[in-house]
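Below: the structure, in structure tokens.
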Amino acid sequence: MAEHAEHAAYPVGLRLSGRRVVVLGGGQVAQRRLPSLVAAGADVLLISPSAKPSVEAMADTGEIRWERRRYAPGDLADAWYALISTDDPEANAAASQEAEDRRVWCVRSDDAEAATAWTPATGRSEGVTVAVLTGRDPRRSAAVRDAIVEGLRDGTLAAPHHRARATGVALVGGGPGDPDLITVRGRRLLAEADVVIADRLGPRDLLAELPPHVEVIDAAKIPYGRFMAQEAINNALIEHARAGKSVVRLKGGDPYVFGRGMEELQALAEAGIPCTVVPGISSSISVPSAAGIPVTHRGVAQEFTVVSGHVAPDDERSTVDWSALARLRGTLVVLMGVENSGAIAATLIAHGRGADTPVAVVQEGTTAAQRRVDATLGTLGATVRAEGVRPPAVIVIGEVVAVNPTD
């Protein structure tokens, strides 16, 4: 093979579904390569006296077949592809020669020059497989692979579809505000959208990155007319989707955590519009975390409860059992509760929660404008007023507020 080493490798995608692949050696190389072979649908035979625990688990679950022995001549019969990675150089050489004699494409982990195939650095993103070969520099291959896959995933690498795309709506949770905290899938869908209908609390910085042809609609400014705000938003989603556009409904946090995502999904389903829901990082967990507050901590809080505070406790529309919440010993996270913070604190105290319970209010969490204001349950309402706290803010009630890194 050495006389051909100066030629570039010919890249090709092997379709191994149902075809026999023989892997010699159950060590680290097999641990890394077997999942991809299984994902390709290959009929994998592992030949090795021993194996890594994760490789053994694949055999135990029936994903691969394992013969607990060393390589023997004839093992590559009927194979389409072979991966040779034992710690025995003589066995590797013999198996490599058998592969050559049987015209089986063969990868060798110990001697790339003696192999008839090289394994590229591979990554996948939404149906696209990226495979990179840079000859004898696998680290560079991996770096190039990572850059391409990351660009495809977050939309920074433009790769427009040239075949018909499925139209419809994606309800995308944008996270708590920091544009870096949107999910990879959410960011990719944004990059592929024709229309984006955005909430005020979504990651607004991402909108500036959209291509010029994308229509961005502020949900707070949709003409409501005789419609309720939510109904008008539903109608806008349906209208643009029926026009053949790919629509993203960009919401703050998670679509299903006080985001009325299900109402929008139901309206789309009734209109026959396909919809994809992309979960987002909820501010109920991420904002306290960004402010240094764990919502649970061993020996302090074994549970946390998330509640909406946009309806006052004494309002007949409230469905929250505040008396039950007051009896809990864990963490209470209140979203949309700034306006009613004083009434919420008073109600909890009236039902038995200690007035000295630590409280933190985190305004505009995860953004450059984030600030944290500390109080107790007894002083919460007055502190919020005195400090001029305004929405969006997350209120955290419980002993976890007092936990610090040195505890």
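The values are calculated or read from the model by the stated rules, or taken from the named source; none is laboratory data. Predicted, not measured: the structure shown is a model, and the values here were computed from it. Neighbour counts are summed over all protein chains in view; Cβ atoms, including those assigned to glycine, are modelled from backbone coordinates with ideal geometry. All accessible areas refer to the heavy atoms of the entire protein, side chains included, with ligands and DNA or RNA removed. Shrake-Rupley method; radii C 1.70, N 1.55, O 1.52, S 1.80 Å.
Computed quantities for the displayed model
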item: Among beta bridges that DSSP assigns inside segment 272-407, antiparallel share in %, nearest 5; result: 75
item: Of all accessible heavy-atom area on the chain, the percent that carbon and sulfur account for (1.4 Å); result: 51
item: DSSP beta bridge pairing in segment 14-129, given as percent antiparallel to the nearest 5; result: 10
item: Gyration tensor over alpha-carbon atoms, the chain, equivalent ellipsoid semi-axes in Å; result: 54, 29, 18
item: Sites excluded, trypsin sites (Lys or Arg not before Pro) in DSSP loops with at most 11 other C-beta within 10 Å, longest stretch of the chain; result: 330-407
item: Max mean-square fluctuation residue, GNM over the chain, Cα-Cα springs under 10 Å, options Leu265, Leu14, Leu325; result: Leu14
item: For the chain, built as a Gaussian network whose Cα springs stay under 10 Å, the top-fluctuating residue of Ile84, Ile281, Ile197; result: Ile84
item: Theoretical ellipticity at 222 nm over the chain - DSSP helices of four or more residues, -39500 (n - 2.57) apiece, nearest 500; result: -8500 deg cm²/dmol
item: Gain upon complete extension [Arg32, Arg70; 0.36 nm per residue less C-alpha separation]; result: 11.7 nm
item: Anchor Lys221: lysines whose Cα lies under 24 Å away (excluding residues fewer than 8 positions away in-chain); result: Lys245, Lys251
item: Surrounding net charge for Ala114, when Lys and Arg each add one and Asp and Glu each subtract one, Cβ distance under 10 Å; result: -3
item: Residues in segment 85-122 reached by a label modelled at Ala77 [backbone nitrogen below 12 Å; 7 Å Cα→Cβ]; result: none
